[in-house]
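The values are calculated or read from the model by the stated rules, or taken from the named source; none is laboratory data. The model shown is predicted, which means the values in this text are computed figures rather than measured ones. Cβ atoms come from the backbone with ideal geometry, glycine included; neighbour counts cover every protein chain shown.
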Amino acid sequence: MKIVILAAVADNGVIGRDNGLPFRQSSDLKRFKALTMGKPVLMGRKTYLSIGKPLPGRTNIVVSRDPGFAPDGVAVARSLDAALAAAREDAQKSGAAEIVVIGGTDIFEQTMPLADRMEITHVHSQPEGDTIFPPIDATQWRAVARSDHPAGPRDDAAFSYVTYARA
Ligand SMILES: NC(=O)c1ccc[n+]([C@@H]2O[C@H](COP(=O)([O-])OP(=O)(O)OC[C@H]3O[C@@H](n4cnc5c(N)ncnc54)[C@H](OP(=O)(O)O)[C@@H]3O)[C@@H](O)[C@H]2O)c1
């Protein structure tokens, strides 16, 4: 079962601000939907709260150590291992080929050593923020595909889609 990290990262590494996104990138929301639909998505509690509701059409697996955290419509896992086991089981049942890790930084840091691939939207801006994507170690990862795009009508900035595979 492949583990895929999916993130939108500004050129200064920022991915979040005040528990929300630091940029408006409408194009990226469409890509996010296309790359996650029908697959189990794994996220941290803070990212879940920033989205505010379960993502439809996908099994939402949220990790939290808080025993009182039990929102409707999502599977809560108390550890990363439990979350990955639940995601694998869900993908096997549904026939999904991969598990998509959708953040935030806390979860990206823990899953990066385990991931098979990263699908990163590099957003060409320098927003202020409080949440930074972990460094992409060039000895571990190589860019295998890249496409560059101008800002769409509802995007703050131009962007590049880059696929990283294990070096
Ligand atoms: N640009 C992007 O692509 C993108 C994607 C996702 C998120 N974001 C942004 O990132 C920010 C949130 O990221 P974050 O790093 O602060 O938080 P996060 O990773 O979303 O969530 C962290 C929480 O997950 C739980 N957790 C983490 N590791 C765990 C483990 N091993 N076992 C059990 N629970 C675990 C803990 O919840 P408890 O405290 O409940 O125990 C922890 O407080 C927001 O600003 C969001 O908008 C950006």
### Task
Please work out which residue is surrounded by the fewest Cβ atoms within 10 Å (Cβ to Cβ), limiting yourself to the stretch 11-34 and to residues that are among the basic types (Lys, Arg) and either without any contact (Cβ under 8 Å) to a residue 60 or more places away in the chain or at positive phi (or both).
LYS30
### Query
Tally time: how many residues in the stretch 64-106 are touching a residue at least 40 places away in the same chain (Cβ under 8 Å), part of a helix (DSSP H, G or I) and not small (Gly, Ala, Ser)?
6
### Message
What's the total number of residues in the stretch 95-109 that are more than 9 Å from the ligand (Cβ to nearest atom) and either surrounded by 17 or more Cβ atoms within 10 Å (Cβ to Cβ) or not small (Gly, Ala, Ser) (or both)?
### Response
5
### Task
Scan VAL63, VAL74 and give me the residue that is hydrophobic (A, V, I, L, M, F, W, C), near the ligand (Cβ under 9 Å from one of its atoms) and in contact with a strand residue (DSSP E or B) (Cβ under 7 Å, 6 or more places away or on another chain).
VAL63
### Task
Within the stretch 129-167, track down each residue that is part of a loop (DSSP other than H, G, I, E, B) and either in contact with a Pro (Cβ under 7 Å, 6 or more places away or on another chain) or under 22 Å from GLN110 (Cβ atoms) (or both).
GLY129, ASP130, PHE133, PRO134, PRO135, ILE136, ASP137, ALA138, THR139, GLN140, ALA158, ALA167
### Query
Which of the strands (runs of 3 or more DSSP E) contained wholly in the stretch 1-63 include at least 3 residues that are closer than 27 Å to ASP148 by Cβ and touching an Asp or Glu at 6+ places or on another chain (Cβ under 6 Å)?
2-10
### Query
With GLU119, GLU109 as the choices, which residue is closer than 22 Å to ARG65 by Cα and not in a loop (DSSP other than H, G, I, E, B)?
GLU109
### Query
Does LEU84 satisfy the condition of being surrounded by fewer than 20 Cβ atoms within 10 Å (Cβ to Cβ) and either at pLDDT 95 or above or more than 8 Å from the ligand (Cβ to nearest atom) (or both)?
no
### Check on ASP148, acidic (Asp, Glu) and more than 12 Å from the ligand (Cβ to nearest atom)
yes
### Message
So for the stretch 142-153 (the condition being at pLDDT 95 or above and buried (at least 19 other Cβ atoms within 10 Å of the Cβ)), does at least one residue qualify?
### Response
no
